[in-house]
Amino acid sequence: MPENAAHGRSGNGRGLLVSILVLIVLAPLGYYVVRGTAVALGGKPSVEFLERPATQDDRCIWNMEAGEMRLHHWEHLARIREDVVRFGKRDVPGLNECRNCHQSRANFCDRCHNQVSLTPDCFGCHYYPDNEHWDPQRFPER
Amino acid sequence: MAGGSGALALRLLTTSSAGAPGKDSPLAGKRMGMVIDVGKCQPDCDKCIKACQQENNVVQAAAHKNHELAVHWIRKVTIRKKIETDEKAKKAEAAQKSVILVCNHCDNPPCAQVCPVRATFKREDGIVLVDHHRCIGCRYCMIACPYNARYFNFEDVEVHEEDLNKDRPKRSHGVAESCTLCAHRLDAVDQDGNPSPRVPACVEACENGALAVGDMNDKTSTVYELLRDYAVKRLKEDLGTEPKVHYIGL
Amino acid sequence: MAKGDKTVETADRTSREKQEAGALVSPPAALADSRDGQPGWIDPDMDFIRVLSRQSGDSLKKCIQCGTCSAICELSPDPKPFPRKEMAWAVWGMKDRLLKDPDVWLCHQCNDCSTRCPRGARPGDVLAAIRQQSVARYAVPRFLARWANEPYCVPLLLGIPIALLTVVLYIGNSLGVPQPSRERIIFPFCNKLPHWLLNVSFAVVGILVLAAVVAGAMRFWRAMMIADGRDGAALPAKSPPARIVAALKIAVPVLWSIIAHDDFAKCTKTRLRFYSHLSVLFGFLALSLVAVWVVTAKVNPLIPDGLIYPFGFWHPWKLLANLGGVAILAGCLWMVVDRVRDNEHSGAFSDWTLIVTLLAVVVTGFIAEILHFVRLEPHRHVAYFTHLVFVLTLLMYLPYSKLAHIVYRTTALIYAEYSGRNGKNTARTAGREEES
Amino acid sequence: MEIKFERVEGTSFQYRVALLVFGGFALVGLLSTLWVMKYGIGRTGMTNRVPWGLQIVMAVYYIGLSAGSLVISGLYGVFGKLEYKPFARIAVYLATLFLIAGLLSILTDQGRLDRVFVQPFVHFNLQSMFSINPILYNGHILICLIYLWALFTERKRTTTVVATLAFGWAFCVHSGTGAIFGFGARVLYESPLLPASFVAAAMASGTALMIVMIVGLFRATNRPLDDELICWLGRFLAICVLVVFYFLFVENAYRFYVVELREAAHYFLFGGFHSLLFWIGLIFFGLVVPMCILFNPRTGKSIPWIVLASSLVIFGVLCERYVIVVPGLTNPPDLFPGMEIVHDPALVEGYATYSISTQEVLQALGVLGVVGFLFLLGLKYLELLPTEARIHPD
């Protein structure tokens, strides 16, 4: 190997460059190793589960499974929005009604949106209080 | 092979699971209109304006420090006969009228015609609305409106929590808006999903009975009776926009 | 030992050195060396010659066996240097001989030889064409390799992944709403293409590809062993653990040298090829790693989070993936520019298909990402589907396209290390010092 | 007739300074746009009564300036006046840039810039001139690019076909721009003459710009240029100016003649700052003085005079765009015929006001900077300029 390096252009520089690249590629892995170990040793996971209402019921007022809501909420909201704005159908609860049960926007909406870098425009106009009184003990996930 | 399965994939991808708007529209067969009795309107009363601002979260926007940037879904102008000489002017002084101006909800709305994204549209019951989720803020509708009834949110307006009607949205900057005829009140449903319409905020607030909003096709409605019994005027009828706001005694 | 300022004179001198070292393979020697050691017997494969001629701009006709190419090649070992002997074999249509030759894969096609050739032949392109033939020879099954090199097969080749993904889409569409697990949430990019279904189908294809690749590499290795007369010869150590250690001792430095681009760095003609290949390789590594992470996220013990996918823009994996995409994009664009600027470049089909497929993968990926951030449905789903088609194309035809060089070049380099073929530099340096 | 095209060296001090100045403009424009985006377009001079301001004025003005290519390609591609072929590349390149500038101006004027790239493609409204015009503009940019390609690769037949297409398409582009206003409901907008008048004004400003650019570039780089070519363009410019004048006269005469429009006409002609722009900027400096220069047999043949007249026309058409857009909005609709409004909470005085704000000027300059910057780069990296332009080359 050393002979090879001597023939190539700036052998040491190249070694450094490639090592840095390897480190960059492996960096996220290292980040997770550190974090995963820390959490396993009793640290707190940085992102916890979403706020769930006190009712302990798996069904939303939209009469849908929690999974359905998680996976499709934006599609349902968009459809309800069209129905309300364009066709005057107000018999389905909309965004305003979410906050009756899920009282904290920070925990119910922003937590996930922030993590996945989505910034929906909803709250520029629609009122949703940013209550911070979410207590994971009161609303356990399971 | 590539073409065939590609076409199938495209069809599978683009068909939405969300159904098309249902046929059972609650708006079918309606034609909402407004009647304003100018004679009953008191010059120094602004209850309807205040109620509208409170209901629709335009309190702060209406009180904008630059009055030309202020938003008036409903506003009251004072008019009088054109003054020819000084002597007549004194008579004309007495003959001032207060006229309420709102969006005319035209049957042929020029604003909806020019909207490049169909954000402004006429509902099935004739109410002209702006879809604020879609508006790109080109302001062509404001150019096209012959009544200057449209307003633009030039800036983000901070609405204080105590002034906020929490069930109604406020507006972000960069979208156009105008009177909605309180469509949310007209469409309101009760617990079981049956229609239980309420009158618009301005009509509710008016103590003199100068305002009426209702279905012009419904023979039991106040609007129908007023239109049947009184001679009414509409603004700029010559333009053919067919406004649905009618004035008695203008 | 400055090699950078090498002039024509020194090139001639090294060429003489190689001749004196008895490395010259003269046509009679080639004849003598030919098939199964039968002296004087030669069986030219005319189709092979025709293919090579077509893909290398008639280089074979131009070659006068002067040996300049072998002399100036930085990668060529002193005993039996290339590409001169390969040019001779190619002229004679000695297909079997060439396809068993590890030297063909030691070439990194820097085209120093092609630019220096006094006759304007392009040995670099000839070797590239031979490599493609080699891939076709060892691929399992062979007909796929034949298709992968025919332009009129492109609709069929693209059709297979499209059809496969359409089936996946059809199943996903009819499955209805997937229930995400309570412990770890993974949002599929498109609800009609659930992650587990994609994982399963990609894993099936991946296992098949892996099997094909391993089989191809083993065939190649055995062929090289037989050609070298090492049939049955194994690593010196006897016990299994010691054999593994010995194998690692050979493989690890080779792999590092591949990653560090030791051989690319010696190229003098197109210096930036080093950077373009480096960025594409590392982009590819980064994206593969991210993909593996996402695919295995459900069972990964390192993840403490509830929400796994999608990543936020500033998430380490997302950053790495975007960086990798940009690296591949930039590297591929540079390769395109490089090829377009070099007027004499033959532009072999397999070469262009790889670059175009890689570009298509990253471009559709970025389009899908942008459409996702502006939340355009169903446009983003269509973009995502196209992206998946190209990813699957890349994966599916890995053993048959130019991408197979990942496997065959690595195999050849390890073989060269194993057989002591790369004693090259030490030997040469020693000779030079003695002379001076 | 073999015409050679070449690049400019682009190493001179003047070139670099110009590049720097235009680049600086573009940067300032970008910063200003970001600022306006952050704080909303309320920080401009626009109001609810005058919702369109300088940006729209500049947009239609830039679109108009692109008509230079229409004239040149019409002359050379459609009418076969081959002596104008040397200017074809530069004309089409400038047209492309100014069309892009027009689009940029409209784009930076939108309230929700984030939605502009999504919504118009998803929800299309063919009844709106704002949906039709982007097709026309982008189509024209595409045609211009194909045209440029045909010119650079010297494809004769393709050039003729594309030139004819571009000629026809450009008419649609300028008519469509005029229709934005002409089909509106405002008293001072509504006029079927407006699309035609826009075409005329666009051709005037485009020709004037071509004259100034050609003379300036040829003089600055010491290239031989036959005066006769410019004089002919000058005469063409004079006719365009005359047509613009004619349209303006007809329109205002009509407004004065019809009783219900008389008040609006009075406001338009004698109502304030815009009237000043109309009479002094447009009528006197923009139309009358150039016509005097161009129709005068002596000054009409002198290159400096023609360049002066062209510069005045370029300025005059800018004034024309302003007096079309703004007074039509400041003039209030006559909601109550025979009555007058004593008090209106949305208005203090009878008429709305509009004053150009610094931000809008900076944004307009920024767009101009982009055009200038790209033009200079084009001179350096594309073979735009002919070595010479003569009617009878030696």
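What to note about this one:
- Semi-axis lengths, Å, chain B, gyration tensor of Cα atoms, sqrt of 5 times eigenvalues: 37, 22, 20
- Inter-chain shielding of C:386-394 (mean C-beta neighbours from other protein chains, 10 Å cut-off): 1
- Under the Karplus curve 6.51 cos²θ - 1.76 cosθ + 1.60, θ = phi - 60°, whole-Hz ³J(HN,Hα) for region B:58-65, x wherever Gly or Pro sits: 10, 4, 5, 5, 6, 9, 4, 5
- Where GluC sites (Glu not before Pro) fall in DSSP loop in region D:359-394, at most 13 other Cβ within 10 Å: none
- Each of the peptides C:47-53, B:98-104 was scored by the mean count of other Cβ atoms within 10 Å over its residues; in descending order, highest first, they stand as B:98-104, C:47-53.
- When accessible surface is computed with a 1.4 Å probe, chains B and C are found to bury approximately 1100 Å² between them, both chains counted.
- Region B:117-177: GluC sites (Glu not before Pro) falling in loop per DSSP and having at most 14 other Cβ within 10 Å: B:E158
- Each chain gives up part of its surface: A and C jointly bury about 4600 Å² of accessible area, both sides summed, for a 1.4 Å probe.
- Of all accessible heavy-atom area on the protein assembly as shown, the percent that carbon and sulfur account for (1.4 Å): 63 percent
- Backbone N under 19 Å from the C:I370 label point (7 Å along Cα→Cβ), restricted to region C:318-341: C:319, C:321-334
- When the listed pairs B:K236/D:K38; C:K192/C:K318; B:K122/B:K166; C:K298/C:K402 are checked against a 31 Å cut-off, the alpha-carbon distance exceeds it for B:K236/D:K38; C:K298/C:K402.
- Within chain D, the longest run free of exposed loop sites, counting trypsin sites (Lys or Arg not before Pro) that sit outside DSSP helix and strand states (H, G, I, E, B) and have at most 13 other Cβ atoms within 10 Å, spans D:8-154.
- Value of Rg to Rh for region D:36-195, rounded to two decimals, is 1.03; Kirkwood radius and Rg both from alpha-carbon coordinates.
- Solvent-accessible area per residue for the protein assembly as shown (1.4 angstrom probe, square angstrom): 45 Å²
- Interface area, B with A, accessible, probe 1.4 Å, both sides summed, Å² nearest 100: 2000 Å²
- Cα gyration tensor category, rounded, prolate or oblate, for the protein assembly as shown with a/c compared to 1.5: oblate
- From its DSSP helices (H runs of at least four residues, each -39,500 (n - 2.57)), chain B gives a residue-normalised ellipticity at 222 nm of -6500 deg cm²/dmol.
- The C-alpha atoms of chain D occupy a region whose extents along the principal axes are 75, 49, 40 Å, arranged from largest to smallest.
The values are calculated or read from the model by the stated rules, or taken from the named source; none is laboratory data. Only a predicted model underlies this, so the values are computations on that prediction, with no experimental measurement involved. All Cβ positions, glycine included, derive from the backbone under ideal geometry; neighbour counts span all protein chains shown. These accessible areas exclude ligands, DNA and RNA; they are computed on the full protein's heavy atoms, side chains included. Shrake-Rupley method; radii C 1.70, N 1.55, O 1.52, S 1.80 Å.
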